[in-house]
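For reference, the structure is listed below as structure tokens.
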Amino acid sequence: VYPPLIWYCTRMHHTIFTAFLISLIVYLLTKFRLSPHNFRNYILSGIIIGVALLVEPIIFIAVPFSMLWIYFTGKKRPECIKGMAMMLISIAVIILPWTTRNYIVHKNLVFIKDSLGKEIYIGNNPNATGTAYTKGGVHILKKYPPDFVEELSSLSEVDRDKKWLKSA
């Protein structure tokens, strides 16, 4: 028995939702082969993909591949194109309010979240371990000179993300 795993199972982590939503998306995508004329499946898939994007935006990478899969496995191309358009509209309806909110708050276009720069830095810095901590257990920010950390704290979220990206 490994105690950290027992403790971790009691936490509501976004990875649990991501795994569930990806499984649901794959299930719905396989249903297209069984009933390609059911446009309700396209709309439902778009809604689920939109929610999954809000949970974990990296899923966006899979959207074009899903569209290609639907297009090339479908027997009637015009219906596939209509279905894909409905799916894309459904995705947009789900993520557009959050993207609009981000634009209003940050005065910049932020797709869903603005942590790309920090995440790239965490994975690609000289002390990278894949987490926000070094091998010795020291937080990454403590490896920086205090003036750099102070500069980061004085920046807006969007500018901070750009600074992290530049440092990566």
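The values are calculated or read from the model by the stated rules, or taken from the named source; none is laboratory data. These numbers come from a predicted model, not from an experiment. Virtual Cβ from ideal backbone geometry, glycine too; neighbours counted across all protein chains shown. Only protein heavy atoms, including side chains, enter the accessible area calculation; ligands, DNA and RNA are left aside. Shrake-Rupley method; radii C 1.70, N 1.55, O 1.52, S 1.80 Å.
Kindly indicate whether residue 129 is modelled with pLDDT under 85 and in contact with a helix residue (DSSP H, G or I) (Cβ under 8 Å, 6 or more places away or on another chain).
On the way: modelled with pLDDT under 85: yes; in contact with a helix residue (DSSP H, G or I) (Cβ under 8 Å, 6 or more places away or on another chain): no.
Spelling it out, it is not the case that residue 129 is modelled with pLDDT under 85 and in contact with a helix residue (DSSP H, G or I) (Cβ under 8 Å, 6 or more places away or on another chain).
What pairs come up if the first residue lies in the range 126-138 and is on the phi < 0 side of the Ramachandran plot and of a type in the set (Val, Ile, Thr), the second is modelled with pLDDT under 80 and open to solvent by less than 70 Å² (accessible area, probe 1.4 Å), and their beta carbons are under 8 Å apart, counting only those six or more places apart or on different chains?
If the second residue must be modelled with pLDDT under 80 and open to solvent by less than 70 Å² (accessible area, probe 1.4 Å), the pairs left are 131/122; 134/127; 134/140.
If I ask for residues that are open to solvent by less than 70 Å² (accessible area, probe 1.4 Å), out of contact with any helix residue (DSSP H, G or I) (no Cβ under 9 Å at 6 or more places or on another chain) and either charged (D, E, K, R) or within 16 Å of residue 66 (Cβ to Cβ) (or both), which ones from the range 1-29 would you list? Show your work before the answer.
Pass one, the range 1-29, residues open to solvent by less than 70 Å² (accessible area, probe 1.4 Å): 4, 13, 18-19, 21, 24-25, 28-29.
With the extra rule that they be out of contact with any helix residue (DSSP H, G or I) (no Cβ under 9 Å at 6 or more places or on another chain), the set shrinks to 4, 13, 19.
Answer for the range 1-29, where residues must be open to solvent by less than 70 Å² (accessible area, probe 1.4 Å), out of contact with any helix residue (DSSP H, G or I) (no Cβ under 9 Å at 6 or more places or on another chain) and either charged (D, E, K, R) or within 16 Å of residue 66 (Cβ to Cβ) (or both): there is none.
Residue by residue through the range 68-108, note down the ones that are touching a Leu at 6+ places or on another chain (Cβ under 7 Å) and hydroxyl-bearing (Ser, Thr, Tyr).
Answer for the range 68-108, where residues must be touching a Leu at 6+ places or on another chain (Cβ under 7 Å) and hydroxyl-bearing (Ser, Thr, Tyr): just 103.
Of the residues 113, 82, 118, which is on the phi < 0 side of the Ramachandran plot, assigned to a loop (DSSP other than H, G, I, E, B) and among the basic types (Lys, Arg)? If you could, list the steps in order and put the result at the bottom.
On the way: 82 fails: assigned to a loop (DSSP other than H, G, I, E, B); 118 fails: assigned to a loop (DSSP other than H, G, I, E, B).
Exactly one of 113, 82, 118 is on the phi < 0 side of the Ramachandran plot, assigned to a loop (DSSP other than H, G, I, E, B) and among the basic types (Lys, Arg), namely 113.
Of everything in the range 130-168 that's among the β-branched types (Val, Ile, Thr) and closer than 20 Å to residue 58 by Cα, which residue is most open to solvent (accessible area, probe 1.4 Å)?
Initially, the range 130-168 is screened for residues among the β-branched types (Val, Ile, Thr), giving 131, 134, 138, 140, 149, 158.
Next, only the ones that are closer than 20 Å to residue 58 by Cα stay: 131, 158.
On the way: 131: 68, 158: 16 Å².
That would be 131.
Restricting attention to the range 63-78, which residues are open to solvent by 20 Å² or more (accessible area, probe 1.4 Å), without any contact (Cβ under 8 Å) to a residue 40 or more places away in the chain and not charged (D, E, K, R)?
64, 65, 67, 68, 71, 72, 78
Is it the case that some residue within the range 24-33 is at pLDDT 90 or above and of a type outside the set (Val, Ile, Thr)?
Initial filter on the range 24-33 (at pLDDT 90 or above): 24-27.
Filter once more, so that each one left must be of a type outside the set (Val, Ile, Thr): 24, 27.
There is at least one residue in the range 24-33 that is at pLDDT 90 or above and of a type outside the set (Val, Ile, Thr).
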